[in-house]
Amino acid sequence: MAAGQVAEHHYQALRLDIPVDEPFTDFRRRYEEAVPPYDRDAYHALVARQAPWSDVLDLARRQAPYNFLIYWSSGDVQPLMRLAGDSGHCVEYLMGNHTTAERMFRHDPAIMLYAPLRTAITSNDDGSGTRFHIEKPSHAFASFSRDDITPVGVELDHEVAALLSHLGAPVPAALAG
């Protein structure tokens, strides 16, 4: 691509809306236990001492039992939306693993558009109908059309499937491969 030339990359996203057979607050709690928060201080300490990458890998393995960490969460937006008369619940997350992202980043830093993964847990106004939402990771990463990135996206599909299985949620065939 010539310098200054704009490139357009089209891909089809597959958004998965997965029903969860438990109350919103219970599923949210179990999800946040399985996907713990990113420990910013621990990783900053590794950067400060210029630790070897193997130390980063070890810390990620210890902290992410199901291969994912939460980098950010909106918290439940329901109190704000209630001001408009809405009573449904929604918590958004950025969930990922920087050691997995690095395996793609080395080939194209722009993968960070899709890493970490965006997820949400929602419920209907009456508190019923808890759902977990995510886009199929491999579709976004395949949009880079690189043999060294696309397989990692497929691995992420399988890791999301394993997380859903652990949580007792249905595993869509699109993730199970």
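The values are calculated or read from the model by the stated rules, or taken from the named source; none is laboratory data. Bear in mind the structure is a predicted one, so any value in this text is a computation, not a measurement. Backbone-built Cβ (ideal geometry, glycine too); neighbour counts: all protein chains shown.
Sort out which residues of region 104-140 are more than 18 Å from GLU22 (Cα to Cα) and small (Gly, Ala, Ser), and write them in order of number. Residues satisfying the conditions are ALA110, ALA115, SER138, ALA140. Only residues that are under 27 Å from VAL56 (Cβ atoms) and either surrounded by 18 or more Cβ atoms within 10 Å (Cβ to Cβ) or in contact (Cβ under 8 Å) with a residue 40 or more places away in the chain (or both) were counted in region 107-135, giving 10.
Quick check on HIS89: is it in contact (Cβ under 8 Å) with a residue 24 or more places away in the chain, in contact with a Phe, Trp or Tyr (Cβ under 7 Å, 6 or more places away or on another chain) and closer than 21 Å to TYR11 by Cα? No, not satisfied.
Could we say that GLY129 is over 16 Å from the mean Cα position of the chain (by Cα), of a type in the set (Gly, Ala, Ser), more than 30 Å from GLY85 (Cβ to Cβ) and at pLDDT below 95 here? Against the criterion (over 16 Å from the mean Cα position of the chain (by Cα), of a type in the set (Gly, Ala, Ser), more than 30 Å from GLY85 (Cβ to Cβ) and at pLDDT below 95), GLY129 does not qualify.
Scanning region 114-157 for residues that are assigned to a helix (DSSP H, G or I), more than 20 Å from LEU94 (Cβ to Cβ) and touching a helix residue (DSSP H, G or I) at 6+ places or on another chain (Cβ under 7 Å) turns up ALA142, THR150, VAL154.
In region 158-177, which residues are part of a helix (DSSP H, G or I), modelled with pLDDT of 95 or more and of a type outside the set (S, T, N, Q)?
HIS158, GLU159, VAL160, ALA161, ALA162, LEU163, LEU164, HIS166, ALA173, ALA174, LEU175
Filtering region 30-55 to residues that are surrounded by 12 or more Cβ atoms within 10 Å (Cβ to Cβ), charged (D, E, K, R) and out of contact with any Gly (no Cβ under 9 Å at 6 or more places or on another chain) leaves GLU32, ASP39, ASP55.
Taking each residue of region 60-72 that is more than 17 Å from THR119 (Cβ to Cβ) and at pLDDT 95 or above and looking for partners that are outside any strand (DSSP E or B) and among the charged types (D, E, K, R) with beta-carbon atoms closer than 7 Å, six or more apart or interchain, yields GLN63/ASP39.
Show me the helices (runs of 4 or more DSSP H) entirely contained within region 1-96 in which 1 or more residues are over 28 Å from ALA161 (Cα atoms), β-branched (Val, Ile, Thr) and more than 15 Å from the chain's Cα centre (by Cα).
40-48
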